[in-house]
Amino acid sequence: MSLLRRLNPSIVPVSSAERMRASVGALVGIMLTGLLSRMALGNSDALPLLIAPMGASAVLLFAAPSSPLAQPWSILGGNLVSAVIGVTCALAIADPVIAAGSAIALSIALMLLLNCLHPPSGAVALTAVVGGASIHELGYWFVLLPVGLNTILLLVSAFAFNNATGRRYPHVAPPAAQNSHETVDATPSHRIGVLPDDLRAVLEQYDEVVNISLEDLDALLHQAQIRAYERRSGEITCAEIMSRDVLTVSPETSLKAAWEVLVRARIKALPVVAPDRQLVGIVTQTDFMRMSVLNQKGGLKLATRAGGLVRRPGIPRTVSDIMTRRVQSALPETMIAKLVPPMADMGLHHMPVVDHDNHVVGIITQSDLIAALFQNGRAGMATFASGYAEAG
């Protein structure tokens, strides 16, 4: 039993809904591929409508659409390359066993070289060798019909079904985090800890094909680090550290009045709220500097030089003219660890806190977050030192 447990693959369990989604996707994909192939090729017995490797491709495309082995270039390049090699080996080598082995070996080597590794493509190469007289009679037409046709139809089905059911396909790697200050420095959260270069070096040392992209692995590790910090931070929430007496303005507030509030209160941002106190934007000192004083060349705007005496259309006059409308906010119960990435990497200095009706109930600044992290870290060190002393 112990041996059986060790041989059991450690696949992360998925929900019943995901299992159903993948199964229905394979059903839809294979049926559409078969039906459309029949419409294109007719019911001729000399030409197979579907080849067996498409079943294996469907498993990857619908059950593991984020896998590097399931991406469009992997299946298209892998199947076509393997089909060409399989037909060539079948024609050039008389012994089917030697031809089959050679086809598989050469297919793997070329797929790895061309970065289009797709496991079912090995079955495509094998089918070209041992598929019988009907396959052999096709010769290199086998590459286009049915391999090429089946592959394209299954790819189109996977694209439509996966995206319609909430799974992004093709699985494009998320863009690398960019420094919000447009400098070459890495973002703050990627300057310490496990870095993408560390992952790349370890994978190169591992020297095996891993069925997950480097970008996805980095993203999962980053989320795991945040989750681990949440556990260590004692589950401090935004409600515990936020400022509750929040100064706000409305979209109709004049820029002069809003600026006076910023200066008088010595703050750098004001949430913008509707009459029902729902958050609709935020206005910062940067917005004033960017929109109200300087032109694109760094000189004073004409309206500013004229003292604003001439009322011209297009000149910002109220908060709604310069505020940021897409505001990232947090709930009172949000763990403060989740605020670290946006404030560290995205350059956010203020995070409005809203209730479930989007009413502003507080605000957190970078200073609030740093103080909370510092106090929590100091408390953790004190607890450790106390336990160490008692143990001694």
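The values are calculated or read from the model by the stated rules, or taken from the named source; none is laboratory data. Computed from a predicted structure; not experimentally measured. Don't worry about glycine lacking a Cβ; one is built from the backbone with ideal geometry, like all the others, and counts go over all protein chains shown.
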Original post:
Within the range 236-273, which residues are closer than 24 Å to L339 by Cα, without any contact (Cβ under 8 Å) to a residue 60 or more places away in the chain and not aliphatic (A, V, I, L, M)?
Top reply: D245, R266
**OP:** Return the residue satisfying two criteria in turn: it lies in the range 251-264 and is buried (at least 17 other Cβ atoms within 10 Å of the Cβ) and not in a helix (DSSP H, G or I), and of such residues it is nearest to the chain's Cα centre (by Cα).
**Re:** P251
Original post:
Of all the residues that make up the range 71-102, how many are assigned to a helix (DSSP H, G or I), farther than 19 Å from Y140 by Cα and in contact (Cβ under 8 Å) with a residue 60 or more places away in the chain?
Top reply: 1
Subject >> Criterion: closer than 23 Å to S121 by Cβ, modelled with pLDDT under 95 and under 28 Å from the mean Cα position of the chain (by Cα) - qualifying residue of I30, I11, I75 >> reply: I11
Original post:
Within the range 139-175, which residues are at pLDDT 95 or above and in contact with a Pro (Cβ under 8 Å, 6 or more places away or on another chain)?
Top reply: L155, A158, F159, N162
Subject >> Single residue of H356, H349 found to be under 30 Å from V283 (Cβ atoms), of a type outside the set (K, R) and modelled with pLDDT of 90 or more >> reply: H356
Original post:
Given the conditions (1) assigned to a loop (DSSP other than H, G, I, E, B); (2) at pLDDT 65 or above, and given that Q178 satisfies all but one, which numbered condition is not satisfied?
Top reply: (2)
**OP:** Could you tell me whether any residue of the range 45-60 is out of contact with any helix residue (DSSP H, G or I) (no Cβ under 6 Å at 6 or more places or on another chain) and surrounded by fewer than 13 Cβ atoms within 10 Å (Cβ to Cβ)?
**Re:** yes
Original post:
Of the residues in the range 142-175, how many are outside the structural domain of L32 (by TED's automatic domain parsing) and within 30 Å of G86 (Cα to Cα)?
Top reply: 3
Subject >> Odd one out for G148 among (1) of a type outside the set (V, I, T); (2) touching a residue at least 60 places away in the same chain (Cβ under 8 Å); (3) within 13 Å of T88 (Cα to Cα) >> reply: (3)
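When only residues in the range 98-128 that are within 22 Å of L50 (Cα to Cα) and polar (S, T, N, Q) count, which is farthest from the chain's Cα centre (by Cα)?
Looking at residues that are within 22 Å of L50 (Cα to Cα) and polar (S, T, N, Q), I get T127.
Using the structure shown, decide if L50 is modelled with pLDDT of 90 or more and not in a helix (DSSP H, G or I). Let's see the steps before the verdict.
Details: modelled with pLDDT of 90 or more: yes; not in a helix (DSSP H, G or I): yes.
The answer is yes for L50.
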